[in-house]
Structure formats: C-alpha cells, structure tokens
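The values are calculated or read from the model by the stated rules, or taken from the named source; none is laboratory data. All of these numbers come straight from a predicted model, not from anything done at the bench. With ideal geometry, Cβ positions are generated from the backbone for all residues, glycine too; neighbour counts draw on all protein chains shown.
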Amino acid sequence: MYILDADNRNMNNTNNVGRDNYSQSVRETSNADTTRNGFRTKSALLRRKCSKTALVYLLVSVFCVIFCLIYERFSYGQYADCMRLMFLPPLAGGALPFEILAHSGSWRRLSRVSYNLWNSGIAVLVSGCLIKGIIEISGRASDYDMLYWIVGISMLASALLIQIFGHGENLKN
Amino acid sequence: MIEFLKKPFAYAAVFAVMLISANVYVLLRTYLIPSVERYSPHTPNTSLYESVTENEDSDSSAEGAVITDNSYSDGNVNISISTLRLYDTDIYVAEAVLSSPGYLKTALADDTFGRNITQKTSETARANGAILAVNGDYYGANSRGYVIKNGVLYRDTVRRDSQYDDLAIYSDGSFGIINEGTVSAQELVNSGVVNLFAFGPTLVSEGEITVSQDDEVGKAMANNPRTAVGIIDNLHYIILVSDGRTRESEGLSLYQLAEVMRQRGCKIAYNLDGGGSSTMYFNGKVINNPTTNGRKISERAVSDIVYIGR
C-alpha cells in the first residue's frame with residue numbers, strides 16, 4: 001500500500017482533470033483503475049511515467065555518445081573531455097534516478113514543476129557540455145560555460161527542493 | 001509562473017527556444033561577432049618602444065634589396081628560405097639575420113585589437129609591408145592571457161592554461177620564456193618586453209628540447225601543421241612552418257618540431273598557433289600549403305602575425 005499525499009488524493013478531482021494535460025487514454029485507464037484498485041493504480045501510473053522518462057534519457061545518453069564520436073571523427077583528432085562526458089547528465093541525472101524512482105516504493109508523489117525543472121536542468125548541463133566541447137575542440141576559450149553550470153545546477157537544486165518540500169500538483173502524464 | 005511551469009508542452013517549447021537561442025548566441029559571440037576590445041590603460045614603456053621604431057625609421061636600403069625566390073637581402077635584413085623534407089612532411093625554414101631588433105615585429109588583423117577580428121596572414125603581412133611573415137599566437141581565440149604587441153600592452157589578464165609559458169621578445173631582440181602566473185604584464189613591459197606570444201609550449205630552452213614525445217597542444221592529434229619561432233644568436237632567428245594533414249605531408253609532432261629547431265641551432269624555440277593557421281608568407285606570396293582539413297589548400301584568417309619588415 002502506497003501512501004499518497006493530498007495531491008495524489010486529488011488526482012481525480014474534476015478541477016484537476018480539466019486543467020491538466022491527460023491524454024484521453026490515460027484518463028480512461030486512470031479512472032477505470034481507480035475504480036478497480038484505488039491508490040496503488042495511480043502510483044503505478046507514475047511509475048510507468050518514470051520508466052518512460054528513464055528510457056528517453058537513456059536514448060538521449062546514447063545519442064550524446066554517438067554525436068560525440070561523429071564530431072570527433074571530423075575534428076582532426078582533437079577532442080574535449082566535456083563533450084565526451086556529455087552523456088553523463090542524462091544518464092546519471094536522468095535515466096538512473098527515474099529508473100530508481102520507477103522501481104522504488106518509497107516515494108509519494110512527483111511534482112510537475114519539479115519534473116519540468118529537473119528536465120530543464122539536465123538539458124542546460126548537456127548544452128553546457130556541448131558548447132564547451134565545441135569551443136575547446138576549435139582551440140578557443142570562453143567564459144560562457146560557467147553560466148551553463150550555474151543555471152543547470154540551480155535548476156536541479158530547485159527541482160529537488162520543490163520535490164521535497166513543495167506541495168505542488170502531482171505529475172500525471 | 002508556477003502555473004506556467006506546470007504546463008508540460010508549453011513550458012517545454014518555450015524553454016527549448018530559450019536554450020537554443022542561448023546556445024546560438026554563445027557560438028556567435030565566440031566565433032563570429034567581432035568585438036573591438038578596449039585595451040589596458042597601462043602606458044607602454046615608450047622609451048623602449050621608441051628605440052624599436054627609431055631603428056625601423058633608419059632603414060632606407062629596401063630599394064637596393066637582392067630578392068630571389070628563396071632569399072632576401074638588403075644589408076639590414078637577410079633572409080634565406082630552405083625547404084626540408086623530414087618525417088614525411090614539407091618544412092619551410094626561414095633563417096633571418098637582422099641589423100636591428102626593430103625589424104622583427106608583430107601586427108594585428110585589420111590593425112585592431114579584439115575578438116573575432118581576423119585577417120589572412122598574407123593580407124595582414126601585405127598591409128604592413130612584411131618581407132617574411134607567419135601567423136602568431138591567435139590571441140583573439142581567448143578572452144584571457146597577456147597580449148603585448150609592438151610595445152603596447154593590450155590585455156593583462158592571466159591566461160587560463162597558465163601551466164604553459166609565454167615567449168617574450170625584448171627590445172634588444174633577445175628571447176625569454178616567462179610564466180604569466182609569476183609576473184604581471186606591466187612588469188613585463190617595464191622590463192623591456194615588446195612582443196609576447198601566449199601559445200606554446202616552449203620547444204627548446206638553453207639549447208635543450210623541453211617537450212616529450214607525448215606532449216601535445218591541448219588534446220590535438222599528434223601530427224599537425226606547425227609554426228615555430230626560435231633564436232640562434234643575437235638578432236639571428238629561425239622561423240619555421242610545416243605542412244600537414246595532407247597526403248603529401250603528414251605533419252609534425254611537437255617533439256619532431258623541437259628536434260628540427262634544435263638541429264637548426266636554436267637556443268630558445270617556441271611553438272605558435274598551428275593547424276589550419278600555419279602560414280608562411282615571403283616576398284608577396286604564401287609559400288607553404290595551409291590547410292585546415294587536408295582537402296582544400298587555403299589560408300585561415302587569424303588575429304595576428306609575426307613578421308620581419310621595414
């Protein structure tokens with residue numbers, strides 16, 4: 001039995017249904033499952049969402065590795081550590097934690113705000129790796145990369161804080 | 001704001017546009033948008049600089065110069081060019097003997113200090129009346145690092161990769177190796193430095209090779225087109241450019257480059273910007289085969305050159 005907070009208990013609230021971007025199929029499944037099996041079904045939906053997110057992040061990681069290999073192929077043998085590590089944020093900050101969340105029963109909810117901020121933070125970090133890598137490979141240097149690290153990490157930290165302490169609306173699709 | 005953050009697709013779309021815009025802006029600022037930089041208000045050591053320019057003004061023998069395809073001599077400037085074939089690479093070596101240190105100079109692209117202000121080596125050389133010119137340290141690729149050209153201090157922030165030493169050319173024409181972490185730019189100017197190159201590494205010091213066979217600039221591949229300058233004796237210099245990245249020329253490693261410079265008798269030799277930047281201009285034409293990718297022979301536009309000229 002999973003413990004759900006107020007947000008979860010409100011998942012079938014008509015106001016929320018009208019406001020959020022449920023797909024029709026998910027909504028139907030959710031309603032049906034709720035009738036059939038109560039709270040556990042909603043957690044299952046969230047877990048399924050996390051699994052899907054983890055898979056997307058895994059694919060992004062693979063894409064980063066392939067992109068880096070192709071880029072280096074045309075860089076006259078030059079490479080940049082940053083670009084080689086570009087796969088790490090989506091893997092360690094995306095695929096891994098979401099897969100853990102999907103298989104963990106210890107969490108109660110996943111806030112949409114937190115989810116969006118977390119994804120954005122990862123995207124900023126990947127962009128930082130990419131931009132710094134491109135600049136380094138071309139033999140140049142720039143101070144702009146620091147902005148990416150600051151913004152990216154701030155977004156991740158905000159996402160964590162909101163997830164832990166916030167009372168935002170739960171992620172539904 | 002919170003409500004907006006909850007909307008998955010609208011938020012994702014807006015965020016993606018913002019992130020892509022930021023990336024494009026950073027790349028444009030780094031590579032394309034020229035920015036003239038205000039340089040340091042530090043006053044150059046004018047007495048030292050004037051001693052250089054006075055020597056330049058004393059030159060009046062250019063019209064009587066003897067010029068061939070591989071040599072130049074006018075009584076004050078004697079340059080001979082030899083082409084070597086070593087390590088499956090064509091190497092162009094200019095040996096210059098000057099009557100005055102004022103003939104060894106540097107020039108900025110478009111005579112302007114700033115980022116992304118570039119010009120082909122041959123164009124900058126022609127604009128400055130150079131007899132012999134090679135690309136410099138491409139100061140414009142970085143936002144930090146001392147820049148001292150022709151006695152003027154343009155930038156006084158320490159370079160990022162300060163483990164590399166700089167090559168200082170003093171007003172008497174002598175070379176010295178300095179580290180930006182240990183001396184300020186103004187102190188360098190005060191001590192008589194008229195030109196400074198912040199690339200590296202140092203290839204030869206006190207007649208001994210100072211790089212290992214594994215050394216490389218950053219994380220570049222081992223064999224590249226190269227540019228190097230060295231000093232044999234008082235006002236006696238070696239300026240070298242090698243081809244590379246082509247079927248005809250493999251390119252040199254830093255160690256091979258250092259070996260060539262030492263074999264030519266250099267007491268101090270220093271690696272300048274290489275790769276597609278490596279260009280040697282002599283008597284009105286480019287004599288090496290500059291290339292970035294090996295498929296096309298063409299000059300790259302660079303921030304600065306070092307040249308011998310009137």
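Residues checked against (1) under 16 Å from B:Gln186 (Cβ atoms); (2) among the acidic types (Asp, Glu):
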residue: B:Lys120; (1), (2): no, no
residue: B:Thr124; (1), (2): no, no
residue: B:Ala130; (1), (2): no, no
residue: B:Asp137; (1), (2): no, yes
residue: B:Ala141; (1), (2): no, no
residue: B:Val152; (1), (2): yes, no
residue: B:Arg160; (1), (2): no, no
residue: B:Tyr164; (1), (2): no, no
residue: B:Leu167; (1), (2): no, no
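Would you confirm whether any residue within segment B:106-121 is of a type in the set (Lys, Arg), closer than 22 Å to B:Tyr31 by Cβ and in contact (Cβ under 8 Å) with a residue 40 or more places away in the chain? Full working, then the answer.
Pass one, segment B:106-121, residues of a type in the set (Lys, Arg): B:115, B:120.
With closer than 22 Å to B:Tyr31 by Cβ added as a condition, the list becomes B:115, B:120.
The next check asks that each one be in contact (Cβ under 8 Å) with a residue 40 or more places away in the chain; those that pass are B:115, B:120.
Looking for residues that are of a type in the set (Lys, Arg), closer than 22 Å to B:Tyr31 by Cβ and in contact (Cβ under 8 Å) with a residue 40 or more places away in the chain, one finds at least one in segment B:106-121, hence yes.
Looking at B:Tyr164, B:Tyr154 in this structure, which one is away from chain A (no Cβ under 12 Å), out of contact with any Leu (no Cβ under 6 Å at 6 or more places or on another chain) and either under 15 Å from B:Phe199 (Cβ atoms) or part of a loop (DSSP other than H, G, I, E, B) (or both)?
The match here is B:Tyr164.
Return the residues of segment B:84-101 that are touching a residue at least 60 places away in the same chain (Cβ under 8 Å) and more than 16 Å from B:Val306 (Cα to Cα); say none if nothing qualifies.
Within segment B:84-101, B:Leu84, B:Leu86, B:Tyr87, B:Asp88, B:Thr89, B:Asp90, B:Ile91, B:Ser99 qualify.
Can you tell me which residues in segment B:247-294 are of a type in the set (S, T, N, Q), within 24 Å of B:Ser122 (Cβ to Cβ) and in a loop (DSSP other than H, G, I, E, B)?
Step one: filter segment B:247-294 for residues of a type in the set (S, T, N, Q), giving B:249, B:253, B:256, B:263, B:271, B:277-279, B:283, B:288-289, B:291-293.
If we keep only those that are within 24 Å of B:Ser122 (Cβ to Cβ) as well, we get B:249, B:271, B:277-279, B:283, B:288-289, B:291-293.
Selection gives B:Ser249, B:Ser278, B:Thr279, B:Asn283, B:Asn288, B:Asn289, B:Thr292, B:Asn293.
Might you check whether a residue that is away from chain A (no Cβ under 14 Å), assigned to a strand (DSSP E or B) and either at pLDDT 95 or above or within 20 Å of the chain's Cα centre (by Cα) (or both) occurs anywhere in segment B:37-48?
Scanning segment B:37-48 turns up no residue that is away from chain A (no Cβ under 14 Å), assigned to a strand (DSSP E or B) and either at pLDDT 95 or above or within 20 Å of the chain's Cα centre (by Cα) (or both).
Could you look through segment B:132-151, keep only residues that are more than 12 Å from chain A (Cβ to nearest Cβ) and not in a loop (DSSP other than H, G, I, E, B), and pick out the one that is surrounded by the most Cβ atoms within 10 Å (Cβ to Cβ)?
The residue in question is B:Asn135.
Kindly provide the set of residues from segment A:140-149 that are touching a residue at least 12 places away in the same chain (Cβ under 8 Å) and within 7 Å of chain B (Cβ to nearest Cβ), ordered by number.
Hit for segment A:140-149 is A:Tyr144, nothing else.
Just to be sure, is A:Val126 at the interface with chain B (Cβ under 7 Å from one of its Cβ atoms), in contact (Cβ under 8 Å) with a residue 40 or more places away in the chain and part of a helix (DSSP H, G or I)?
Values: at the interface with chain B (Cβ under 7 Å from one of its Cβ atoms): no; in contact (Cβ under 8 Å) with a residue 40 or more places away in the chain: yes; part of a helix (DSSP H, G or I): yes.
Criteria not met by A:Val126.
Quick check: is even one residue across segment A:19-30 away from chain B (no Cβ under 14 Å), crowded, with 19+ Cβ neighbours inside 10 Å and modelled with pLDDT of 90 or more?
No: zero hits.
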